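Chemist: My questions will all concern the structure given below.
The values are calculated or read from the model by the stated rules, or taken from the named source; none is laboratory data. Note that this is a predicted model, so its numbers are computed, not measured. Neighbour counts are summed over all protein chains in view; Cβ atoms, including those assigned to glycine, are modelled from backbone coordinates with ideal geometry.
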Amino acid sequence: MAQISASDWQKRLVTPDVALARIEPGMNIFLGTGTAEPRTLVKHLMASKAYNLQDLTLVQLVSLGDAISLQALQSHKYRLKTFFAGWVASEAITAGYVDLIPSRFSTIPQMMNSGHIPIDVAMIQITPPNEAGYCSLGVGVDVARQAMEQADLVVGEINDEVPFTFGDTFVPVEEFDLLVRSQDRPIYFTRWPYDEVIDRVAANVASVIENGSCLAYSIGALFEALPKHLAGKRDLGIHTPSFTDALMDLVKSGAVSNRRKGLFRGRSLAAFALGSPELFRWLDRNPLVEFQSVDRVFSPTDIGRNPRFVLVMPGRRVDLSGRVAMPIGKGNVTSGPGQLADLFNGAEISHGGYTIVALPSRNLKGQPNVRLSVEDMPNLLNQPESMDIIATEYGTAHLRGRTLRERAQALIEIAHPEDRPELVKAAKEARILYQDQVFLADSAHFYPQELATRHTFKNGVTVNFRAMKPSDEEQMRRLFYRFSDEAIYYRYFAPIKTMPHAEMQAYVNIDYRTALSIVGLVGDPGQEKIIAEGRYVRLDRRPFAEVAFVVDEAYQGLGIATFLYRMLVQHALQHGLSGLTADVLATNKSMFKVFEKGEFPMQAKLRDGVYSLTINFTKPNPDNGMEPLKTSLKPGRRS
């Protein structure tokens, strides 16, 4: 295509009123989405009293701007068709002024190409053309190309503040019938503030995102809080509907390389950009970000080509089965069931992919967000089978592969502590939990969430450590039945053959005021299995605690028992204990060595083949030669 000089394209500039004069009654007008909305053209369209601007249908994927207001739509001169029931459209749909087209975003371009959604006029925001005569679609590719191909009249609104972006964004200036100079700045978004609770939610979300994961991102307080918690990750990838200021921060932190993606390797992929002038300046001619149309960004097949694709979503309510009510109104850009279906499918196809729904345990009114049922709530995702992980400020609940009873237990554990007794009661009445289910209400306030840490041992085995939860019952049963008779005898001093529900649930319900139990887990998030446990229980009459621990035989010899022991010692010291005691069979030499190598001296008395050990914290053992334990362990606090 021949190069266009600056004077040639500038001769094609017209005023907004001249462009609008080409419109006829009954036409369908496509408008760019979100920050790509041609604001000057839209404002003139809304304000004009010209006779030809009657009975018009506006087509827009998502209405984020201020020009298409409910008041303007009430004039009956215009009707908006949208594919998204959020933001401005939500109120107008309810009032009957907006037509919602239920659809997956990945199928919208095909519907336009096939003529199912006719387009007569396309109004597109663009950058000024470069020296070669090409404009960029800037911060919103969405379905602009398909709309331009169908339209009889294509109007480009040139905005000097729009970044020249890369990807499927280049359009020859000749493809525009008319050009208009923008008289308005693009739509900018201020950054969302977040509080301490959301920050803790974000920290828990980040804790289950592994190095090399590929993320879908959105806007809001949760996503503003995430980057600082993800900054220590490595080789993250981005395949997301919207690129934001928070994602810019994450890329700048060095956590994002996009090297492990299966598609658009080395580049972050998005369909839109939503953010501040700083973000727009950073995106200008930035080769690290690729903008593509929604059929590529939302394609489940393309998403699934990225290993470890993680869909992070904010939730509004969650019930004990895993059903989620999504946010409504302003602030939710891709949180409707139709928009999320493609992302869910992509996560399911992705090798190692999963979904995370994050929400505070209570809303701003102090009402519980974890409930027995959310069946009657709007914007409901009635897909409990697709919910893998739920996160609140009290931890994460892993739901994949769990029964309804196990899901309920896990979700109750991350509800607000004061809401848990009522949830347990309701779940028992609904026959979701066993009628004899043990629940220690007071213990909920003392769960030592700060214990969570991870460590990589010999042969590259990485183990996540945390305090035990009641929902670990089934995992602990499985661990028990993996043990040999000898291992069981070493741990329990008896030839135990079975571990029924009644005994195991009593074992996993810990009163953290008098005891501590730490479990070690291996595996991907949502598929972890317990391979080790260590615990101590305070003695009644002495400032000592009895300690015991056990490691899956397949993971012995790696130093896991030693690490567990040192975690127990550190916690005991922080909580005012003077020492530990233990009984070890004389034949259990490996366990004896763990105590022997500890940083505090050990006294041992042998009687009837059993060593009675006393570990006194009054002075360290100078011969252990061990470095201080480095974990996230902090002084105990109320969770």
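Chemist: Between residues in the stretch 41-55 that are without any contact (Cβ under 8 Å) to a residue 60 or more places away in the chain and closer than 18 Å to Val14 by Cα and residues that are acidic (Asp, Glu) and not in a loop (DSSP other than H, G, I, E, B), which pairs lie under 8 Å by C-beta distance while being six or more apart or on different chains?
Modeler: Between residues of the stretch 41-55 that are without any contact (Cβ under 8 Å) to a residue 60 or more places away in the chain and closer than 18 Å to Val14 by Cα and residues that are acidic (Asp, Glu) and not in a loop (DSSP other than H, G, I, E, B), the close pairs are His44/Asp17; Ser48/Asp17; Ala50/Asp17.
Chemist: Could you tell me whether any residue of the stretch 247-258 is modelled with pLDDT under 95 and either touching a Pro at 6+ places or on another chain (Cβ under 7 Å) or within 30 Å of Pro360 (Cβ to Cβ) (or both)?
Modeler: Here is the first cut: in the stretch 247-258, the ones modelled with pLDDT under 95 are none.
No: zero hits.
Chemist: Which one is modelled with the lowest pLDDT among residues in the stretch 49-79 that are part of a strand (DSSP E or B) and not aromatic (Phe, Trp, Tyr)? Explain how you work it out, then say what you get.
Modeler: Of the residues in the stretch 49-79, the ones part of a strand (DSSP E or B) are 56-60, 78-79.
Checking the rest, the ones that are also not aromatic (Phe, Trp, Tyr) come to 56-60, 79.
On the way: Leu56: 87, Thr57: 87, Leu58: 86, Val59: 87, Gln60: 83, Arg79: 78.
Filtering first and then ranking leaves Arg79.
Chemist: Further question: Taking Glu224 as the residue in question, decide whether it is assigned to a helix (DSSP H, G or I) and of a type outside the set (S, T, N, Q). It would help to see each step written out before you state the result.
Modeler: Numbers: assigned to a helix (DSSP H, G or I): yes; of a type outside the set (S, T, N, Q): yes.
In short, yes.
Chemist: Which of the residues belonging to the stretch 229-249 are within 24 Å of Arg454 (Cα to Cα) and surrounded by 24 or more Cβ atoms within 10 Å (Cβ to Cβ)? Write out each step before concluding.
Modeler: Taking the stretch 229-249 and keeping what is within 24 Å of Arg454 (Cα to Cα), we get 229-237.
The answer is Leu236, Gly237.
Chemist: Let me ask something else. Applying the selection to the stretch 288-307, what residues are within 21 Å of the chain's Cα centre (by Cα) and crowded, with 24+ Cβ neighbours inside 10 Å?
Modeler: Val294, Val297, Phe298, Ile303, Asn306
Chemist: I want to confirm something. Restricting to the stretch 167-185 and keeping residues that are of a type outside the set (Lys, Arg) and farther than 25 Å from Gln150 by Cβ, which single residue is surrounded by the fewest Cβ atoms within 10 Å (Cβ to Cβ)? Explain how you work it out, then say what you get.
Modeler: Filtering the stretch 167-185 down to residues of a type outside the set (Lys, Arg) leaves 167-180, 182-184.
Among the residues that remain, those that are also farther than 25 Å from Gln150 by Cβ are: 183-184.
Working: Gln183: 14, Asp184: 17.
Looking at the filtered set, the residue picked out is Gln183.
Chemist: Could you tell me which residue of the stretch 84-102 is modelled with the lowest pLDDT, considering only residues that are part of a loop (DSSP other than H, G, I, E, B) and surrounded by fewer than 17 Cβ atoms within 10 Å (Cβ to Cβ)? Give the steps one after another, and end with the answer.
Modeler: At the first step, the residues of the stretch 84-102 found to be part of a loop (DSSP other than H, G, I, E, B) are 84-87, 96-97, 101-102.
Restricting the remaining residues to those that are surrounded by fewer than 17 Cβ atoms within 10 Å (Cβ to Cβ) gives 96, 101-102.
Numbers: Gly96: 61, Ile101: 73, Pro102: 71.
Applying the filter and picking the extreme gives Gly96.
Chemist: Now a separate question. Limited to the stretch 396-411, what total is found for residues that are in contact with a helix residue (DSSP H, G or I) (Cβ under 6 Å, 6 or more places away or on another chain) and either under 16 Å from Gly315 (Cβ atoms) or in the same structural domain as Tyr512 (by TED's automatic domain parsing) (or both)?
Modeler: Matching residues across the stretch 396-411 total 4.
Chemist: Residue check: is Thr169 hydroxyl-bearing (Ser, Thr, Tyr) and under 18 Å from Ala122 (Cα atoms)? Working first, answer last.
Modeler: Numbers: hydroxyl-bearing (Ser, Thr, Tyr): yes; under 18 Å from Ala122 (Cα atoms): yes.
Here the answer is yes, as Thr169 does meet what is asked.
Chemist: Any chance you could count how many residues in the stretch 531-551 are at pLDDT 90 or above and surrounded by fewer than 20 Cβ atoms within 10 Å (Cβ to Cβ)?
Modeler: So the count comes out to 6.
Chemist: Please go through the stretch 160-176 and pick out each residue that is without any contact (Cβ under 8 Å) to a residue 60 or more places away in the chain and part of a loop (DSSP other than H, G, I, E, B).
Modeler: If we filter the stretch 160-176 for residues that are without any contact (Cβ under 8 Å) to a residue 60 or more places away in the chain, which is where we start, we get 160, 170-171, 175.
Listed by number, the list holds a single entry, Asp160.
Chemist: Sticking with this structure for a sec: Yes or no: the stretch 349-357 includes at least one residue that is part of a helix (DSSP H, G or I), at negative phi and in the same structural domain as Ile412 (by TED's automatic domain parsing). Give the steps one after another, and end with the answer.
Modeler: From the stretch 349-357, those part of a helix (DSSP H, G or I) are 349; that's our starting set.
Remaining after also requiring at negative phi: 349.
Now narrow it down to the ones that are in the same structural domain as Ile412 (by TED's automatic domain parsing): 349.
Yes, there is a match, as at least one residue in the stretch 349-357 is part of a helix (DSSP H, G or I), at negative phi and in the same structural domain as Ile412 (by TED's automatic domain parsing).
Chemist: Related question: Residue by residue through the stretch 594-613, note down the ones that are surrounded by 13 or more Cβ atoms within 10 Å (Cβ to Cβ), charged (D, E, K, R) and not in a loop (DSSP other than H, G, I, E, B). Outline the logic, then answer.
Modeler: Going through the stretch 594-613, the residues surrounded by 13 or more Cβ atoms within 10 Å (Cβ to Cβ) turn out to be 594-602, 604, 610-613.
Add one more test, that the residue is charged (D, E, K, R), and what stays is 596-597, 599.
Passing the criteria: only Glu596.
Chemist: Could you tell me whether Leu433 is part of a loop (DSSP other than H, G, I, E, B), outside the structural domain of Leu516 (by TED's automatic domain parsing), modelled with pLDDT under 95 and crowded, with 19+ Cβ neighbours inside 10 Å?
Modeler: yes
Chemist: Do we find that Met313 is out of contact with any Lys or Arg (no Cβ under 8 Å at 6 or more places or on another chain) and either modelled with pLDDT under 95 or among the polar types (S, T, N, Q) (or both) in this structure?
Modeler: Details: out of contact with any Lys or Arg (no Cβ under 8 Å at 6 or more places or on another chain): yes; either modelled with pLDDT under 95 or among the polar types (S, T, N, Q) (or both): yes.
Yes.
Chemist: Residues in the stretch 386-407: is at least one surrounded by fewer than 23 Cβ atoms within 10 Å (Cβ to Cβ), under 19 Å from the mean Cα position of the chain (by Cα), hydrophobic (A, V, I, L, M, F, W, C) and not in a loop (DSSP other than H, G, I, E, B)?
Modeler: So far as the stretch 386-407 goes, no, none of its residues is surrounded by fewer than 23 Cβ atoms within 10 Å (Cβ to Cβ), under 19 Å from the mean Cα position of the chain (by Cα), hydrophobic (A, V, I, L, M, F, W, C) and not in a loop (DSSP other than H, G, I, E, B).
Conditions (1) within 18 Å of the chain's Cα centre (by Cα); (2) modelled with pLDDT of 95 or more; (3) not in a loop (DSSP other than H, G, I, E, B), marked per residue:
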{"position": "Phe243", "(1), (2), (3)": "yes, yes, yes"}
{"position": "Phe280", "(1), (2), (3)": "no, yes, yes"}
{"position": "Asn286", "(1), (2), (3)": "no, yes, no"}
{"position": "Ser321", "(1), (2), (3)": "no, no, no"}
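Chemist: What number goes with the only condition from (1) among the polar types (S, T, N, Q); (2) more than 32 Å from the chain's Cα centre (by Cα); (3) modelled with pLDDT under 90 that Thr514 does not pass?
Modeler: So the condition that Thr514 fails would be (3).
Chemist: Could you tell me whether any residue of the stretch 297-312 is in contact (Cβ under 8 Å) with a residue 24 or more places away in the chain, part of a loop (DSSP other than H, G, I, E, B) and within 19 Å of Asp168 (Cα to Cα)? Step through it out loud before you land on a result.
Modeler: Of the residues in the stretch 297-312, the ones in contact (Cβ under 8 Å) with a residue 24 or more places away in the chain are 297-312.
Pick out the ones that are also part of a loop (DSSP other than H, G, I, E, B) and you get 298-299, 305-308.
Within this subset, residues satisfying the condition of being within 19 Å of Asp168 (Cα to Cα) are 298-299.
Checking the stretch 297-312: at least one residue is in contact (Cβ under 8 Å) with a residue 24 or more places away in the chain, part of a loop (DSSP other than H, G, I, E, B) and within 19 Å of Asp168 (Cα to Cα).
Chemist: For Arg420, all conditions in the list (1) over 27 Å from the mean Cα position of the chain (by Cα); (2) basic (Lys, Arg); (3) modelled with pLDDT of 90 or more hold save one; what is the number of the exception?
Modeler: Arg420 satisfies every listed condition except (1).
Chemist: Follow-up question, since we're still on this one. Go through the stretch 323-351 and give me each residue that's basic (Lys, Arg) and modelled with pLDDT of 90 or more.
Modeler: Our first condition is that a residue be basic (Lys, Arg); within the stretch 323-351, this holds for 323, 330.
Across the stretch 323-351, the qualifying residue is only Arg323.
Chemist: So if I check each of Glu503, Glu546, which one is of a type in the set (Asp, Glu), closer than 21 Å to Phe600 by Cα and not in a loop (DSSP other than H, G, I, E, B)? Full working, then the answer.
Modeler: Working: Glu503 fails: closer than 21 Å to Phe600 by Cα.
After ruling out the rest, the residue left standing is Glu546.
Chemist: Let me ask something else. I'd like to know if the stretch 446-464 contains one or more residues that are part of a helix (DSSP H, G or I) and on the phi > 0 side of the Ramachandran plot.
Modeler: Narrowing the stretch 446-464 to residues part of a helix (DSSP H, G or I): 446, 449-451, 458-460.
Now narrow it down to the ones that are on the phi > 0 side of the Ramachandran plot: 459-460.
Yes: the stretch 446-464 contains one or more residues that are part of a helix (DSSP H, G or I) and on the phi > 0 side of the Ramachandran plot.
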